[in-house]
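Comments concern the structure below.
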Amino acid sequence: RLEAFPSSLQDVFCQKHAVSISRSSFDFVTAEFLDEREVTDDMAPSSAMEQLLRGLGDIARELDQWPLPKRAVLGGIIDCIFVQMIDPRNWEMTGGEKRKFSHYGVHCLVLDIHFLLRVCGSLVSKSTNNMANRVCEKALRSYFASNPGAAAGGGAKEMMNKLWYDARVRTAMQRLGYSFPDFGRGFEHRSQQSFENAAQSESAPHSARDNTVSPVPSVTSR
């Protein structure tokens, strides 16, 4: 029982910080994804997701002051964030109505998750990655359920594919610059040289860059 105590404290720490960082930035529980704007090639990850990732960077720096397993703690926080997102209670609205997504809204959510997985890189466990895919698939199913024409393909709006999401994330990383956290290549903020190397590696095949599966389910796509 005593041997499990430190692990239990770590779990509580991760859960607490996952809730705190989500509520102050990317709060999936209260967010709405009903915007009817058009999906364009200049779309970018949301400012809320940028704020969440900067918050993870702040936590990473705080952990430097303590003899804690940094990778495990940060990975645990990310895992807890997706546990919140996949919770069935967060997919129902007041009155029991299922959560809805617009065409633009579902692309925003998938792009934000794609961005988070790219930045967090090797911190993302297989379990977390599976939850990320499930969140995206649930959002897409919700969109198609409320837009039967889209699922049938007749006059459907275009659904973007992995290459489109990769390009939007790559542009965002270049825009944010080398001071933005990049947990996929270490826990320190990148130097200019490491950022240039990262940008070059983005042109390599996905499997050569990392082992994280991007959450872009198979749909009728661009």
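The values are calculated or read from the model by the stated rules, or taken from the named source; none is laboratory data. Predicted, not measured: the structure shown is a model, and the values here were computed from it. FYI the Cβ positions are ideal-geometry reconstructions off the backbone, even for glycines, and counts take in every protein chain you see. Heads up: the accessible areas ignore ligands, DNA and RNA and are worked out on the full protein's heavy atoms, side chains in. Shrake-Rupley method; radii C 1.70, N 1.55, O 1.52, S 1.80 Å.
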*Using a 1.4 angstrom probe, figure out how much accessible area the stretch 1-99 has per residue, in square angstrom, rounded to the nearest whole.*
63
_Please list, by residue number, every one of the GluC sites (Glu not before Pro) in the stretch 10-51 that is coil in DSSP and has at most 16 other beta-carbon atoms within 10 Å._
Glu32, Glu36, Glu38
*For the pair Arg89 and Arg37, how long in nm is the line joining their label points, each one 7 Å along Cα→Cβ?*
3.2
*Given +1 on the Cβ of Lys and Arg, -1 on the Cβ of Asp and Glu, and no further charges, what dipole in debye does the stretch 1-160 carry about its Cα centre, rounded to the nearest 20?*
480
*Largest-first principal axis extents, alpha carbons of the stretch 49-186, Å*: 55, 35, 24
*To the nearest 10 square angstrom, what accessible area does Phe183 show with a 1.4 Å probe?*
10
*Going 7 Å from the Cα of Asn130 toward and past its Cβ, which residues in the stretch 48-90 have a backbone nitrogen under 16 Å from where you end up?*
79-80, 82-84, 86-87
_Longer than 28 Å from Cα to Cα, which of Lys70/Lys126; Lys70/Lys138; Lys70/Lys162 are they? Say none if no pair is._
Lys70/Lys138; Lys70/Lys162
*For Met159, which sequence-distant residues (separation of 5 or more, or a different chain) have an amide H within less than 5 Å of its own amide H, given hydrogens modelled in the peptide plane?*
Arg222
*Taking a probe of 1.4 angstrom, what is the accessible area of Tyr143 in Å², to the nearest 10?*
10
*Going from most exposed to least, what order do Tyr178, Tyr165 have by accessible area with a 1.4 Å probe?*
Tyr178, Tyr165
